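Take a look at the structure set out below.
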Amino acid sequence: MAETKYDLAIVGAGFSGPILAAKIAEKGVHPQTGDRLKIALIEAGPYFPGEPRPGYGSPLRRQMFTNLEDNYDGTYLWDNDRSRAKIVGGSSLHWGAQAFLPFEADYLHWQKETGVDWTQENLREGVAEIRREFNVHPFPGEIDTPGNQLFYEVASGMGYDPKRQEGARRNCIYCGFCNSPMMCKYESRASTVVTYIPVAEKNGVEIIPDTHVEKILIDLQGERGVARGLVCSSGGSSYELEADKIIVSGGFMGSPLLLMRSGYGPREWRGNPIIVENPNVGQHIDGHARTPGVSALFDEPMGDGDLANIGGYYMIHDEQADGEGRLLFRAGFGSMRLPSQAALNSYAPWYGREHKKWIKEKGVLRTGSLSPSNSKPSGRWYIDPDGQLLYGGDHSRTIRRAKEGRAIAYEILEKMGGKQISSLDTPVTITPRTGGSHKVGSCRAGEDPRTSVVNQYFESHDVDNLLVCDGSAIPRVTTGNTGTPQASLTVFAAGRIIKRHFS
Ligand SMILES: Cc1cc2nc3c(=O)[nH]c(=O)nc-3n(C[C@H](O)[C@H](O)[C@H](O)COP(=O)(O)OP(=O)(O)OC[C@H]3O[C@@H](n4cnc5c(N)ncnc54)[C@H](O)[C@@H]3O)c2cc1C
Ligand code: SF4
């Protein structure tokens, strides 16, 4: 069992938790004594320790992450939900490492949505640090496919402005295995395990794995709550842990669910007694809503299948100067796929000789897609009183822009010589069950306590000694994937937290 009294307890060792632990342990001190801080980093999933060796892998992790099968338990997901990992390193161990650092519109949308002062200028150092630590750089020319280059020429010729995508990797051999929720056994993909966890450990942070935080202990003092500790369970027994400050970094679902289980949230919550009410917990969840993409079959292979094409080009299409309704197109032509994905490709003949021929001749290399993602959609998800994630709001702009994006993609694919292009007649529908990716905002930061959960310093509006810092604090989804923007924001958050609480 862990010790039971800490200056700081951080819940969740995914993307944000380890960055906070490392930076606060390195630079922060106890505000009264000036002593080194006693910090616990608590994670529900397992920890496989080892020296970071990007490009080689550390022995234990290499053993654990080799020859994993799709959907295998060892991918450490919460209830087989691909959007949430449960392991020290969290989603940073199974993300795609596609790096889209924040775009100008993203900063503006954060400020516009809830008034936070997360400006480009304020985040400059955080972005620079993540670019350096995660080795963010454009995908190299040698993994480019002829199909992607053709896309670049056609789209540029039509007046668009395609750009080379960036990735967050070190010594990557582009084998393509991690083009799925599986870990890189060589540890080339940037993760907090090879970047910030070693710094945290070197600076005395205690990593407590296989421990589920059931509840934050919140006392009521007048109208306000005061957090004083955690109820943890591990190996079938539970214990209490005291902490002067608690930072919740459990991800866009884990964080609001923990707050609600602890009696902090909307009044209606599974009959739980709510001690401190805030109707915004578990609401306003923004993300990239799933809409149908457009793909095509080509006469000739669009790639040689030698190196996995993981990153190609992207292009942005705006209809308004402020970026609302923005579309981000990702080009993927001639990409090699895992055998299971190649066999189930929508162009693969269903069965028998033709199917065998398709696999033998690597038919999947003749396919390509141009997927418009609604990077600034109009709806929002929310967690209902039964704990279900539902999508609601006005989706008219999302549907209209998805249709427009599909039409643009169709035109480009046609000009590239694509055949059997996905029909534009496929309806774009959004329902309460519509899924999506890169969800943020379930405990969003903002100026006004009536519409947000934490302030721009990541401190709870309603509960003293409690902070939330992870994807759930971000008020609007970013243009591209959220991992690197969130990591940059966390570096910035660590600076603020040290200044206000640990100096
Ligand atoms: C399959 C996939 C691919 C992605 N690809 C990309 C990409 O290519 N580029 C990009 O920029 N972004 C990508 N992302 C997004 C990015 O990974 C996320 O934005 C980011 O990981 C979220 O970080 P987080 O700290 O909020 O949560 P997580 O990394 O999920 O960390 C939360 C951690 O908290 C733990 N936890 C939760 N509740 C508790 C509890 N009660 N007690 C103890 N521990 C708890 C969890 O086990 C988990 O380890 C991808 C995400 C997924 C899922
Ligand atoms: S492509 Fe993925 S699995 Fe292969 S070395 Fe690079 S990061 Fe690792």
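The values are calculated or read from the model by the stated rules, or taken from the named source; none is laboratory data. Because the structure is predicted, anything quoted here is derived from the model rather than measured. All Cβ positions, even for glycine, are placed from backbone atoms using ideal geometry, and neighbour counts span all protein chains on display.
Miscellaneous remarks
- Number of the condition not met by Pro46 [criteria: (1) out of contact with any Ser or Thr (no Cβ under 8 Å at 6 or more places or on another chain); (2) away from ligand 1 (no atom under 11 Å from the Cβ)]: (2)
- Listed by first and then second residue, the pairs linking a residue in segment 427-450 that is more than 30 Å from Lys403 (Cα to Cα) to a residue that is part of a loop (DSSP other than H, G, I, E, B) and charged (D, E, K, R), with Cβ atoms under 8 Å apart and 6 or more places separating them unless they lie on different chains, are Pro449/Asp462.
- Positions within segment 235-245 being surrounded by 21 or more Cβ atoms within 10 Å (Cβ to Cβ), in contact with a Gly (Cβ under 8 Å, 6 or more places away or on another chain) and not small (Gly, Ala, Ser), in sequence order: Leu241
- Positions within segment 305-345 being under 22 Å from Arg290 (Cα atoms), in a loop (DSSP other than H, G, I, E, B) and charged (D, E, K, R), in sequence order: Asp318, Glu319, Glu324, Arg326, Arg337
This table checks each residue for (1) touching a helix residue (DSSP H, G or I) at 6+ places or on another chain (Cβ under 8 Å); (2) assigned by TED's automatic domain parsing to the domain that holds Pro385; (3) among the hydroxyl-bearing types (Ser, Thr, Tyr); (4) surrounded by fewer than 24 Cβ atoms within 10 Å (Cβ to Cβ).
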residue	(1), (2), (3), (4)
Ile430	yes, yes, no, yes
Ser460	no, no, yes, no
Ile474	yes, no, no, no
Ala487	yes, no, no, no
Ala493	yes, no, no, no
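- Restricting segment 53-88 to residues that are within 14 Å of ligand 2 (Cβ to nearest atom) and modelled with pLDDT of 90 or more, the residue that is nearest to Ser340 (Cα to Cα): Arg62
- The sole residue among Arg450, Arg401 that is within 30 Å of Ala493 (Cα to Cα), basic (Lys, Arg) and out of contact with any Ser or Thr (no Cβ under 8 Å at 6 or more places or on another chain) is Arg450.
- Exclusive hit being surrounded by fewer than 21 Cβ atoms within 10 Å (Cβ to Cβ) and either assigned to a loop (DSSP other than H, G, I, E, B) or within 16 Å of ligand 1 (Cβ to nearest atom) (or both), set Tyr160, Tyr186: Tyr160
Listed here are the residues, each with its yes/no results for (1) assigned by TED's automatic domain parsing to the domain that holds Arg84; (2) in contact with a His (Cβ under 6 Å, 6 or more places away or on another chain); (3) in a loop (DSSP other than H, G, I, E, B); (4) modelled with pLDDT of 95 or more.
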{"site": "Glu153", "(1), (2), (3), (4)": "no, no, no, yes"}
{"site": "Ser156", "(1), (2), (3), (4)": "no, no, no, yes"}
{"site": "Gly176", "(1), (2), (3), (4)": "no, no, yes, no"}
{"site": "Pro198", "(1), (2), (3), (4)": "yes, no, no, yes"}
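- Restricted to segment 184-202, and to residues there that are within 13 Å of Pro54 (Cα to Cα) and basic (Lys, Arg), the residue that is farthest from ligand 2 (Cβ to nearest atom) is Lys185.
- Odd one out for Ser442 among (1) among the small types (Gly, Ala, Ser); (2) farther than 30 Å from Glu142 by Cα; (3) surrounded by fewer than 21 Cβ atoms within 10 Å (Cβ to Cβ): (3)
- Residue count for segment 216-234, restricted to those that are more than 16 Å from Lys86 (Cα to Cα) and surrounded by fewer than 17 Cβ atoms within 10 Å (Cβ to Cβ): 8
- Sole residue being touching a residue at least 24 places away in the same chain (Cβ under 8 Å), surrounded by fewer than 15 Cβ atoms within 10 Å (Cβ to Cβ) and not acidic (Asp, Glu), chosen from Ser295, Ser375, Ser346, Ser335: Ser346
- Matching residues in segment 71-120 - criterion: being in contact with a Ser or Thr (Cβ under 6 Å, 6 or more places away or on another chain) and either part of a strand (DSSP E or B) or within 15 Å of ligand 1 (Cβ to nearest atom) (or both): Ala85, Gly89, Ser92, Leu93, Ala99, Leu101, Pro102, Phe103, Asp106
- When every residue of segment 449-462 is checked against the conditions, at least one turns out to be touching a strand residue (DSSP E or B) at 6+ places or on another chain (Cβ under 7 Å) and either of a type in the set (D, E, K, R) or over 26 Å from Tyr382 (Cβ atoms) (or both).
- Checklist (1) in a strand (DSSP E or B); (2) in contact with a Pro (Cβ under 9 Å, 6 or more places away or on another chain) applied to Lys357, failing item: (1)
- Sub-6 Å Cβ pairs linking a first residue in segment 100-118 that is closer than 18 Å to Asn481 by Cβ to a second residue that is among the charged types (D, E, K, R), at least 6 apart or interchain, are His109/Arg476; Trp110/Arg476, ordered by first then second residue.
- The numbered conditions (1) within 14 Å of ligand 1 (Cβ to nearest atom); (2) free of Cβ contacts under 8 Å to residues at least 24 places away in the same chain; (3) buried (at least 21 other Cβ atoms within 10 Å of the Cβ) are all true for Cys178 except (2).
- Looking across Ala348, Ala407, Ala402, one residue alone is farther than 15 Å from Pro292 by Cβ, outside the structural domain of Trp269 (by TED's automatic domain parsing), outside any strand (DSSP E or B) and of a type outside the set (Val, Ile, Thr). It is Ala348.
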